[in-house]
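Data block below; observations after.
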Amino acid sequence: MLRDQPPEETTAAFFRTRSASAILADLGSVLTKDRVSLGDMVDALGEAGLGLTILMLALPSFIPIPGLPTGFVFGTALAILALQIMTGADRLLLPQWLRRRSLPRGPVVSGGAWIAPWFKRVEWMLRPRYSFLSGRLAYSILAVPIFVHAVMILLPIPLGNQLPSLAVIVFAFGLIERDGLAVILGWVLTGIAIAWNSAIVFFGTELSLFLYRWTADLWVSA
């Protein structure tokens, strides 16, 4: 049983043997410290597989946690993971400065409990199909859009985190369940996310230029 194992093995087994929704609903049982360090999370996920690691790194940026730099921290970790997958790595290795970054336990646990029921409603629809889209080669291919999404997540783009995070989450579900249809949906969401963030950046730049010119005109006329 899990309780008969050493603490580190218990945590790793928790992530290995449960569905994503069950993990999220019961995060409090393994995250017992006041703060959750990224290094501890990555170590626990090390034996659980790349798909689950991708999922758990994308979630904090999808769940709104006010006042916490989840986009920068987890977006950076996700970008590093994507680059490492491109080189054939089967687990995430992080620099010490990033491993030490941590989040308060409370928002992480409550955020997981909040989103778990939604994930449970989705999981029953997933099943192995079109396996050529979710096999080992797929990880190397999907690392490219995941890297693009990670960059969008870590950049301070207003309202720019949710769609890239959602696309990565859908990719992760497809990889975990070997569901090629979910991977296809992830590609669709990728196009939408890129278009959305490009529009935000474009119109934001146009608005900034308009305000600059308007202010300059006022200054000259004064």
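The values are calculated or read from the model by the stated rules, or taken from the named source; none is laboratory data. If you're wondering where the values come from, they're calculated on a predicted model, not measured in any experiment. When we count neighbours, we look across all protein chains shown, and the Cβ atoms used for this are built from the backbone with ideal geometry, even at glycine.
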Lone qualifier among L81, L92, L98 - being of a type outside the set (D, E), assigned to a loop (DSSP other than H, G, I, E, B) and touching a Ser or Thr at 6+ places or on another chain (Cβ under 7 Å): L92
Would you mention how many residues in region 152-201 are part of a helix (DSSP H, G or I) and within 25 Å of G112 (Cβ to Cβ)? 26
One residue is enough: does region 158-175 have a residue meeting the conditions surrounded by 14 or more Cβ atoms within 10 Å (Cβ to Cβ), on the phi < 0 side of the Ramachandran plot and more than 16 Å from the chain's Cα centre (by Cα)? no
Selected residue [over 18 Å from I157 (Cβ atoms), modelled with pLDDT of 85 or more and either out of contact with any Gly (no Cβ under 7 Å at 6 or more places or on another chain) or buried (at least 17 other Cβ atoms within 10 Å of the Cβ) (or both)] from L45, L55, L93: L55
